[in-house]
Amino acid sequence: MEMTLRWYGSKFDTVTLQQIRQIPGVTGVITTLYDTQPGEVWSQERIHALKEEVEAAGLRISGIESVNIHEDIKLGKPSREQLIANYIETLENLGKEDIHMVCYNFMPVFDWTRTELARVLPDGSTALAYTQKAVDELIPEKMFESIAGDMNGTVMPGWEPERMEHVKELFEEYKDVTADDLFDNLKYFLEKIMPVCNKYDIKMAIHPDDPAWPVFGLPRIITCKENILRMMKMVDDPHNGVTFCAGSYGTNLKNDLPDMIRSLKGRVHFAHVRNLKFLDPNPETLNFEEAPHLSRCGSFDLYEIVKALHDIGFEGPIRPDHGRMIWGEVGMPGYGLYDRALGACYINGLIEAIEKNDRK
């Protein structure tokens, strides 16, 4: 496994490449062209410039997160043809620059949902959190307003203001879209892009929905083992794979995370490792907060999760996810340097212990 850290680019990230380079065991970054809009073609020139910047810092681009999917593709509108053609051109340009993994998602409207970006934990650190009651009491188009004040002047991934301006219209467009419709539109998209993925050996790694249940009545499909296996079978190509995000699948306690990993041998292309702490026992509508990566600090046994990845022969990029903000750090909530650096070291320690068969 290759230890990486997510990096949003020098214009947007408060964390620098020079800082990432100093984290023991981290050799690559998962990055993006953060100022591009869904549906826009990524030019080879811009990709090349980003690659040169990363490599000049002694790191490499281990993958892209994300080349975002335009809502018209998810909705199956006629305009998807040109938008998919643009996506294919972007994949070609990434392949020409020797970049071979793309993490993406197929979540309608909201990429991920949290009701707090800076919940104060008992130790004084702050973390992302989700409370179902808060969601139930919100008008969907007010969701962005409810968290905008805690963004520390940054632009949060999946919550870009340009997208949020059209939330009300998007909800109207999705009102008759079912989960099966969403599966059909995902299948159409994947079948269109698989030829270029095969040509350039680009692994498409879909990110699970977060949380793993419908929010505001919007359909969510990448939520559980059954649905993931359905997706694998409907486009049975080794380049059609998953980002196994422990925190996202783990939002639903019905999901057996190590079992899910073992059922996806050969199709896990990227891994996010993080821990959550659940605040109630209800597996249908969980309230949770992000926890330190150490297994004893949250509700997941990260040793067993990483062991399952090891057992299926996963050798792709792995990264810590959604760290707390600690030691007075100010930046993009959940994407500070210090806690994620500690998480990377912890996960590397787990990998070493697993290789030595030493649970202690």
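Read-outs throughout are calculated quantities, based only on the coordinates presented, and are distinct from any laboratory measurement. Quantities reported herein were computed from a predicted structural model and do not represent experimental measurements. Every residue, glycine among them, receives a Cβ derived from its backbone with ideal geometry; neighbour counts consider all protein chains shown.
Which of the pairs Lys74/Lys187; Lys51/Lys96; Lys187/Lys307 have their Cα atoms more than 22 Å apart in this structure?
Over 22 Å Cα-Cα: Lys187/Lys307.
Say we join alpha carbon atoms closer than 10 Å with springs in a Gaussian network model of the chain; which of Lys74, Lys96, Lys307 then has the biggest fluctuation?
Between Lys74, Lys96, Lys307, it is Lys96 that shows the largest mean-square fluctuation.
If Lys and Arg each add +1 and Asp and Glu each add -1, what is the summed charge of the other residues whose beta carbon sits under 10 Å from the beta carbon of Val273?
So the surrounding residues net to +1.
What is the dipole size for region 254-313, taken about its Cα centre, with +1 at each Lys and Arg Cβ and -1 at each Asp and Glu Cβ, in debye to the nearest 20?
I would put it at about 260 debye.
Give the residue from Leu186, Leu5, Met332 lying farthest towards the positive end of the charge dipole for the chain; charges sit on Cβ (+1 for Lys and Arg, -1 for Asp and Glu) and the dipole is referred to the Cα centre.
Looking along the dipole axis, the top candidate is Leu5.
Would you pull out the residues with amide H under 5 Å of Lys203's amide H, same chain only if 5 or more places away, H placed 1.01 Å from N?
Met101, Val102
If you place +1 on the Cβ of every Lys and Arg and -1 on the Cβ of every Asp and Glu, how big does the dipole about the Cα centre of region 2-355 come out, in debye to the nearest 20?
In debye, rounded to 20, region 2-355 gives about 620.
What are the ³J(HN,Hα) couplings of region 13-30, residue after residue, when phi is run through the Karplus curve with 6.51, -1.76, 1.60 and θ = phi - 60°? Round to Hz, x for glycine and proline.
So the J values, rounded to whole Hz, are 9, 6, 8, 9, 4, 5, 5, 4, 4, 8, 7, x, x, 7, 10, x, 10, 9.
Pop out the ³J(HN,Hα) list for region 59-66 in order, Karplus 6.51 cos²θ - 1.76 cosθ + 1.60 with θ = phi - 60°, rounded to Hz; leave Gly and Pro as x.
Per-residue couplings from phi come out as 10, 9, 7, 8, x, 10, 9, 9 Hz.
Looking at region 283-360, which GluC sites (Glu not before Pro) are in a loop (DSSP not H, G, I, E or B) and have at most 11 other Cβ atoms within 10 Å?
Glu284, Glu315
Once amide H atoms are built 1.01 Å from N in the peptide plane, which residues 5 or more positions from Gly28, or in another chain, come under 5 Å H to H?
Under 5 Å from the amide H of Gly28: Leu5, Arg60.
Once you've got the GNM for the chain with C-alpha springs shorter than 10 Å, pick whichever of Asn275, Asn255, Asn227 has the biggest mean-square fluctuation.
Judging by the Gaussian network model, the answer is Asn227.
Quick one: dipole size for region 225-360, taken about the Cα centre, charges +1 on Lys/Arg Cβ and -1 on Asp/Glu Cβ, in debye to the nearest 20.
140
Within a Cβ distance under 15 Å of Arg340, other residues only, what is the Lys/Arg minus Asp/Glu net charge?
With Lys, Arg at +1 and Asp, Glu at -1, the net is -1.
Once Rh is set to the Kirkwood radius over Cα pairs, what Stokes-Einstein translational diffusion coefficient, in µm²/s, holds for region 2-355 at a temperature of 25 °C and a viscosity of 0.890 mPa s?
120
Projected onto the charge dipole of region 2-355 (+1 at Lys/Arg Cβ, -1 at Asp/Glu Cβ, origin at the Cα centre), which of Asn86, Gly25, Leu170 gives the Cα projection farthest towards the positive end?
Checked the options; the winner is Gly25.
Let's test this: bin the Cα-Cα distances of region 219-360 at 10 Å from zero up to the farthest pair and state each bin's percent.
11, 40, 35, 13, 1
Output wanted: per-residue J couplings in Hz (rounded whole) for region 255-268, from phi through Karplus 6.51 cos²θ - 1.76 cosθ + 1.60, θ = phi - 60°, x for Gly and Pro.
The phi angles translate into 7, 8, 4, x, 5, 4, 4, 5, 6, 10, 3, x, 10, 8 Hz.
Distance between the C-alpha centers of region 200-271 and region 302-360? Whole Å please.
Centre-to-centre distance over Cα atoms comes out at 19 Å.
Label Asn198 and Asp35 with points 7 Å out from Cα along Cα→Cβ: what is the distance between them in nm?
It is 3.8 nm.
Report the local net charge at Trp327: Lys and Arg +1, Asp and Glu -1, summed over other residues whose C-beta lies under 12 Å from its C-beta.
Every neighbour counted, the sum reads -2.
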